[in-house]
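Enquirer: Input: one structure, supplied below.
Values in this text are rule-based calculations from the coordinates and carry no lab data. A quick note: this is a predicted structure, and the numbers were derived from the prediction, not measured. Note that we place each Cβ from the backbone using ideal geometry, even for glycine, and neighbour counts take in every protein chain shown.
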Amino acid sequence: MVKKELIKELLKSTHRKEINEMIEYLEEEGYFESPASLKHHGNYSGGLADHSYNLLTLFSNMVDKYCYTEIKRESIIICSLLHDLCKVGSYNKDGTYSRNHPEGHSTLSIQRIEMFIKLTDQERNIIMFHMGYYGSREFSDQGEYNITELSKSNNYDSITKLFYWCDDICSTYIDKKKE
């Protein structure tokens, strides 16, 4: 499990207070064994960790390529590796949703993260809006956000838009899917 150890080391490199407790939570709750989805990208044991690491790689490369200086490396790591924390414990081994299926996808991820570490406003914004348009359409009845809030977020911080584009690219083109 090289990726598991690498993810743990990356999280430790942020030097966030309570990061070790966050890592313990990830291990205890099954982050490293959780799928990223049931029917789409990363629909296998470990798919969530794979997706999150793929996102970290792509997002970090894009930030470097386009010389974004308004985001810290630790924020890139935190947002990429923890943006879908709501999915931990959401799927049963038989391919069905568990009773812990995320309602309020981004909101639940933020709540779980902030049980251990304090997010910056920028990190909270990136994670809240990481689903882009899909989050306003698919989760609006669950208290996520509407298209106006998404638009305001993108005008406020272009890094949020870059993050959800990278997440979409990973989900659609990079992450593997078990047939």
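Enquirer: Using the number of other C-beta atoms within 10 angstrom as an exposure proxy, rank 115, 62, 22 with the fewest first.
Expert: Ranked by crowding around the Cβ, least crowded first: 115, 62, 22.
Enquirer: Please give the net charge around residue 75, taking every other residue with its beta carbon less than 13 angstrom from that of residue 75, where Lys and Arg add +1 and Asp and Glu add -1. The partial results should precede the final answer.
Expert: Values: positive: 16, 72, 73, 118, 124; negative: 70, 74, 121, 123, 157.
Neighbour charge sum, excluding residue 75 itself: 0.
Enquirer: Sequence-distant or interchain residues sharing an amide H contact under 5 Å with residue 37, placed H: which?
Expert: Counting only residues 5 or more places away or on other chains, the set is 43, 44.
Enquirer: Once you list every other residue whose beta carbon is under 11 Å from the beta carbon of residue 126, what net charge do they have if Lys and Arg are +1 and Asp and Glu are -1?
Expert: In short, -2.
Enquirer: Let me ask something else about it. Counting other Cβ atoms within 10 Å, which chymotrypsin sites (Phe, Trp or Tyr not before Pro) in segment 1-95 have at most 12 and lie in a DSSP loop?
Expert: 66
Enquirer: Going by how many other Cβ atoms sit within 10 Å of their own, how do 160, 172, 69 line up, fewest first?
Expert: Ranked by crowding around the Cβ, least crowded first: 69, 172, 160.
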